[in-house]
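Report on the structure given below.
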Amino acid sequence: MAALTLSACGSGGTSGSAAKADGSGKVSVSVSAITVAAAAPIEIAVREGYFADEGLDAKISYAEPAAMIPSVVSGKAQFAMLNAPAVLTARGNSVPAVAVAGISAPEADPQKSYIQLLVGKDSELRDPADLEGKTVAVDTLYQLPDLSLRHALRSEGVDPAKVKFVEIPFPQMADALKKGEVDAVNAAEPFVTSQLAAGARSLLSSTEGQDGTWPHTVMLTSEQYLGKNKDVVDRFNRAIAKADDYAQKNPDKVRALVPEFTQVPEQAAQKMLLPVFTVAFETKGWQAWADVLAEEKLAEGKIAADEGFYTP
């Protein structure tokens, strides 16, 4: 059942034009993605023929995260990759984007999380409560890794308002930690594994307090496109579902594939922790993100979690 009613998706605009098959009978779709490991199922759906099996001629292009929502709202792309809280934030600010397929969710075992709060091997920090008054590096404020950490801190009884957060790109975090510029870093793979191997230790799983219902990476489209192309969206969802299943059952193949479309070195990819790959959405997980966003005051209006996603 669709969580987002299609009656709300019929407004006009270029992003809402009905899809047409090409000469081969396939529907051409442009897919915008981000060059991170979580994009593996998208690549798999092309390489294993899952898109083709659904009558879709999918062309992948890579861009920065900030370009994802504009690409589908403008009609430049029919589908794009992003994270669930970013979709909800956009909707809370009246942007007509909607998630249509899941890519990843957090591991049930927090120790296997692909996002972890790390400290130096000689750090005096031994417990999350020790972070009050300390400086923590995050890649981007109020995006999924940062929001996950804030929720994890609250789960441990720590008020994020008592922690200073500074933005440092993932590749530069290890150096900042070594130089003492920060007290801890909120690292994501492949940098978790490489920093642990270099002697850092994990102070906290940044997905603590989450479960497998919390969506992380998702595929989205515009409300207009969904309203006029439900069949294409359903076919796209089925292809991603097959790719997610393949990725979940073949983690070593995912690790081998990642260096082909990212800048992750082969050696690092072989050891990196992976998320759970799943297409499924549950209202419970979306509501949990909406609650986090509301606590951080990140949307102008009320966020209706059950309208943030569509399922066939």
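Taking the criterion of being touching a helix residue (DSSP H, G or I) at 6+ places or on another chain (Cβ under 7 Å), surrounded by 15 or more Cβ atoms within 10 Å (Cβ to Cβ) and over 19 Å from Ala188 (Cβ atoms), the only residue of the range 121-135 that qualifies is Leu125.
Would you say Gln248 is surrounded by fewer than 18 Cβ atoms within 10 Å (Cβ to Cβ), more than 18 Å from the chain's Cα centre (by Cα) and free of Cβ contacts under 8 Å to residues at least 60 places away in the same chain?
No: the conditions fail for Gln248.
If the condition is being crowded, with 17+ Cβ neighbours inside 10 Å and either over 22 Å from Asp146 (Cα atoms) or among the polar types (S, T, N, Q) (or both), then the range 260-281 contributes Phe261, Thr262, Ala268, Ala269, Thr278, Val279. Of all the criteria given as (1) touching a strand residue (DSSP E or B) at 6+ places or on another chain (Cβ under 9 Å); (2) buried (at least 19 other Cβ atoms within 10 Å of the Cβ); (3) of a type outside the set (Asp, Glu), the one not satisfied by Arg255 is (1).
This table checks each residue for (1) farther than 18 Å from Pro106 by Cα; (2) out of contact with any Pro (no Cβ under 6 Å at 6 or more places or on another chain); (3) in a helix (DSSP H, G or I).
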| site | (1), (2), (3) |
| --- | --- |
| Arg154 | no, yes, yes |
| Gly157 | yes, yes, no |
| Phe165 | yes, yes, no |
| Ala174 | yes, yes, yes |
| Glu181 | yes, yes, no |
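Residue count for the range 220-274 under the criterion of being of a type in the set (S, T, N, Q) and under 25 Å from Leu196 (Cβ atoms): the result is 6. Residues satisfying the criterion are absent from the range 37-57 (criterion: over 30 Å from Lys249 (Cβ atoms) and modelled with pLDDT under 95). When residues in the range 83-103 are screened for being small (Gly, Ala, Ser), part of a strand (DSSP E or B) and in contact with a Phe, Trp or Tyr (Cβ under 8 Å, 6 or more places away or on another chain), 3 of them pass.
The residues of the range 287-303 that are at pLDDT 90 or above and of a type in the set (Gly, Ala, Ser), listed by number, are Ala288, Ala290, Ala294. Of the helices (runs of 4 or more DSSP H) lying entirely inside the range 190-301, the ones with 1 or more residues being within 21 Å of Ile103 (Cα to Cα) and in contact with a Phe, Trp or Tyr (Cβ under 9 Å, 6 or more places away or on another chain) are found at 191-197, 223-228, 230-249, 251-261, 283-296.
Scanning the range 284-298 for any residue that is in contact with a Ser or Thr (Cβ under 6 Å, 6 or more places away or on another chain) and within 30 Å of Val254 (Cα to Cα) turns up at least one such residue.
When the residues of the range 302-312 are filtered to those that are outside any helix (DSSP H, G or I) and of a type in the set (A, V, I, L, M), the one that is farthest from Pro160 (Cα to Cα) is Ala304. Residue count for the range 134-152, restricted to those that are part of a loop (DSSP other than H, G, I, E, B) and farther than 25 Å from Thr262 by Cα: 1. Of Val163, Val138, which residue is out of contact with any His (no Cβ under 6 Å at 6 or more places or on another chain), farther than 30 Å from Ala58 by Cα, surrounded by fewer than 22 Cβ atoms within 10 Å (Cβ to Cβ) and hydrophobic (A, V, I, L, M, F, W, C)? Selected residue: Val163, the only one of Val163, Val138 that is out of contact with any His (no Cβ under 6 Å at 6 or more places or on another chain), farther than 30 Å from Ala58 by Cα, surrounded by fewer than 22 Cβ atoms within 10 Å (Cβ to Cβ) and hydrophobic (A, V, I, L, M, F, W, C).
The values are calculated or read from the model by the stated rules, or taken from the named source; none is laboratory data. Quantities reported herein were computed from a predicted structural model and do not represent experimental measurements. Heads up, the Cβs are rebuilt from the backbone with ideal geometry, glycines too, and the neighbour counts pull from every protein chain shown.
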